[in-house]
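Chemist: The structure's right below; bear with me while I get my questions together.
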Amino acid sequence: GGALTAAAAAAAVAAPPLATSAPPLAVAAPGAALLAGRTRGFAKRPPQPAVDPRSVTEEPTHVWGLNIRKGGEDPPVGADEDYPEWVFSLADEMPTLAQLERIPPEERTPAQEKRMARLSRRAHIKAKNASKSF
């Protein structure tokens, strides 16, 4: 049977009895039970700070957006010595396909070759998909 929402159940109780002998039916909108306080399987977004911490010019005190626990807080920022060297290279921009193509093949590193192959495959797939579109 159909699920009654609290408002529909209260309205059915408060309504005067109908002249027919059949009991009154409460009709809920399709999916109303799913929408009653739920987000259809998606987690609710946490409240966002008034000012984006990434735009503040002073030294950050917490790593914004790194919290993985419900109701937890973002972890505090440690000293630079506390992190391995590779962490600081994560913010470096990666070379584009055009930049990699300008490097002579004998001078490319294996990592650059791998990135170039990945980017050229991606460009080929995008071009093929664009030709299929109407």
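The values are calculated or read from the model by the stated rules, or taken from the named source; none is laboratory data. A quick note: this is a predicted structure, and the numbers were derived from the prediction, not measured. Cβ placement follows ideal geometry from the backbone for every residue including glycine, while neighbour counts extend to all protein chains displayed. Please note that ligands, DNA and RNA were not included when accessible areas were found on the heavy atoms of the full protein model with its side chains. Shrake-Rupley method; radii C 1.70, N 1.55, O 1.52, S 1.80 Å.
Chemist: Got a sec to turn the phi values of segment 101-107 into Karplus ³J(HN,Hα) couplings, 6.51 cos²θ - 1.76 cosθ + 1.60 with θ = phi - 60°, whole Hz, x for Gly and Pro?
Modeler: Per-residue couplings from phi come out as 5, 6, 7, x, x, 6, 9 Hz.
Chemist: Select from segment 53-122 those GluC sites (Glu not before Pro) which occupy a DSSP coil region and have at most 11 other Cβ atoms within 10 Å, ordered by residue number.
Modeler: Those satisfying the criteria are Glu58, Glu73, Glu93.
Chemist: Then there is this: Does segment 77-133 classify as rounded, prolate or oblate by the C-alpha gyration tensor (a ≥ b ≥ c root eigenvalues; a/c under 1.5 gives rounded; else a/b over b/c gives prolate, otherwise oblate)?
Modeler: Oblate, because a/c is 1.5 or more while a/b does not exceed b/c.
Chemist: Using the Karplus curve 6.51 cos²θ - 1.76 cosθ + 1.60 with θ = phi - 60°, work out ³J(HN,Hα) for each residue of segment 109-126 in order, rounded to whole Hz, and write x for Gly and Pro.
Modeler: Once θ is set to phi - 60°, the couplings for segment 109-126 become 7, x, 5, 5, 4, 5, 5, 5, 5, 5, 5, 5, 4, 4, 5, 5, 5, 5 Hz.
Chemist: Could you point to the residue in Pro110, Leu97, Ser131 farthest towards the positive end of segment 57-134's charge dipole, with +1 and -1 charges on the Cβ of Lys/Arg and Asp/Glu respectively?
Modeler: Looking along the dipole axis, the top candidate is Ser131.
Chemist: Given the whole protein assembly as supplied and a 1.4 Å probe, what does the accessible area of Asp82 come to in Å², nearest 10?
Modeler: That residue has around 110 Å² of solvent-accessible surface.
Chemist: Amide H to amide H, which residues 5 or more places from His62 or on other chains are under 5 Å from it, using H placed in the peptide plane?
Modeler: HN-HN under 5 Å from His62: Val77.
Chemist: If you plug each phi of segment 79-94 into the Karplus form 6.51 cos²θ - 1.76 cosθ + 1.60 with θ = phi - 60°, what whole-Hz ³J(HN,Hα) values come out, in order, with x for Gly and Pro?
Modeler: Each residue's phi maps through the Karplus curve to give 6, 4, 5, 6, 10, x, 4, 5, 4, 6, 7, 5, 7, 5, 6, 8 Hz.
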